[in-house]
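Asker: Got a structure for you, questions after.
The values are calculated or read from the model by the stated rules, or taken from the named source; none is laboratory data. Keep in mind the model is a prediction, meaning the values are calculated, not measured. Cβ coordinates were reconstructed from backbone atoms using ideal geometry, including for glycine residues, and neighbour counts include every protein chain displayed.
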Amino acid sequence: TVVIKPAEDASLSTIRLVELIEEAGFPAGVVNLVTGSGAVAGDALVRHPDVDKISFTGSPGVGRRIAAIASEALKKVTLELGGKSPQIVCRDADLDRVIAGASISMFANQGQTCASGSRVLVHEAIADEVTERLVAAAQSVIVGDPFAPDTQMGSLVSERQLERVDGYVGRGKAEGARLLTGGRRIDRPGYFYAPTLFAGDNELTIAREEIFGPVGTIIRFQDDEEALRLANATDYGLTSVVWTQDLATANRFARQLRAGSVWVNAWGPPHPALPWLGVKTSGLGSELGRSGILANTVEKTVSVIS
């Protein structure tokens, strides 16, 4: 049996899912819904003696707290804790595909996705062209009512999140990053923020901490070795993207990138048949795929002596 506790700022889709589960005829008590704040409802679920396993998606800080509480009762945990994912744009990359894919990865869901490719590492030979085209792509994003058919980016989830994003933008400016486009709240009702791009280096706070908003940083590299070093120089390790037309290069990066998932010449949501996991601060354990199913089971050995 399962108890689902959705995020208090984004509960409606989960509530609708549970309504459909009930309509489909699942037996009562198999799938259960508890709404409320993480500090109250979430904490109670983690501590409850009848809950054997915790699967959590959220911030590293909350994930560490959940793991600490669960460890007291030796409960199993799966933690998916976000990322600061790199996109490596090699010199031979198909730039039409890069611009389309990189833009989606930064601005989809207003950048409020754990797998957002918010660090764009670009070979210096093509950096000027990639930067110019990404800026144009960011400026062309249609921001507005998410129910409007032509809207490409909606509102951030809350005023608090908008202030957090704007705070990171201000910190980027203060640390010397070059603002290329955006960097401002859009003047309309709601929590709308303009798609934002910076040019800078890997030491910037905006290049090291998860912002969870539509903010990307373009960083130049000279060769593959530097690209790998920059890509792996992060506390996170959820996903990575490699843009190249050379299969040997793709294989080399895929082997050496410290990430649970690597995309080559694409970016998108995880396929449910494939495991989804992170390394380092991006999490613990596996979701989806066969390993994700097995993570929610317990083996039992029965020996019969006749």
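Asker: Go through (1) touching a residue at least 60 places away in the same chain (Cβ under 8 Å); (2) part of a loop (DSSP other than H, G, I, E, B); (3) surrounded by 15 or more Cβ atoms within 10 Å (Cβ to Cβ) and name the single condition residue 258 misses.
Answerer: With respect to (1) touching a residue at least 60 places away in the same chain (Cβ under 8 Å); (2) part of a loop (DSSP other than H, G, I, E, B); (3) surrounded by 15 or more Cβ atoms within 10 Å (Cβ to Cβ), residue 258 is out only on (1).
Asker: While we're looking at this one, here's another question. Going residue by residue through the range 104-121, is there one that turns out to be without any contact (Cβ under 8 Å) to a residue 12 or more places away in the chain and more than 26 Å from residue 234 (Cβ to Cβ)?
Answerer: There is no residue in the range 104-121 that is without any contact (Cβ under 8 Å) to a residue 12 or more places away in the chain and more than 26 Å from residue 234 (Cβ to Cβ).
Asker: For the range 1-57, which positions are among the charged types (D, E, K, R) and under 30 Å from residue 299 (Cα atoms)? Before you say what the answer is, go through the steps one by one.
Answerer: Looking only at the range 1-57, we keep the residues that are among the charged types (D, E, K, R), and these are 5, 8-9, 16, 19, 22-23, 43, 47, 50, 52-53.
Within the range 1-57, 5, 22, 43, 47, 50, 52, 53 qualify.
Asker: I've got another one for you. Working only within the range 207-230, note down all residues that are buried (at least 23 other Cβ atoms within 10 Å of the Cβ) and part of a helix (DSSP H, G or I).
Answerer: 207, 227
Asker: Could you list all residues from the range 291-306 that are in a helix (DSSP H, G or I) and over 19 Å from residue 259 (Cα atoms)?
Answerer: Looking only at the range 291-306, we keep the residues that are in a helix (DSSP H, G or I), and these are 291-294.
The answer is 293, 294.
Table: residues versus (1) touching a Cys at 6+ places or on another chain (Cβ under 8 Å); (2) surrounded by 13 or more Cβ atoms within 10 Å (Cβ to Cβ); (3) not in a helix (DSSP H, G or I).
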position: 7; (1), (2), (3): no, yes, yes
position: 13; (1), (2), (3): no, no, no
position: 17; (1), (2), (3): no, yes, no
position: 20; (1), (2), (3): no, no, no
position: 36; (1), (2), (3): no, yes, yes
position: 40; (1), (2), (3): no, no, no
position: 45; (1), (2), (3): no, yes, no
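Asker: With respect to the numbered conditions (1) farther than 24 Å from residue 237 by Cβ; (2) assigned by TED's automatic domain parsing to the domain that holds residue 221, which one is the sole condition not fulfilled by residue 101?
Answerer: (1)
Asker: Can you tell me which residue within the range 261-290, out of those that are closer than 27 Å to residue 123 by Cβ and in a helix (DSSP H, G or I), is nearest to the chain's Cα centre (by Cα)?
Answerer: 282
Asker: Would you point out the residue of the range 231-255, among those that are assigned to a loop (DSSP other than H, G, I, E, B) and among the small types (Gly, Ala, Ser), that is surrounded by the most Cβ atoms within 10 Å (Cβ to Cβ)? Can you show your working first?
Answerer: Initial filter on the range 231-255 (assigned to a loop (DSSP other than H, G, I, E, B)): 233-238, 244-246.
After this cut, where a residue has to be among the small types (Gly, Ala, Ser) as well, the list is 233, 237.
Working: 233: 14, 237: 23.
Checked the range 231-255; the qualifying residue surrounded by the most Cβ atoms within 10 Å (Cβ to Cβ) is 237.
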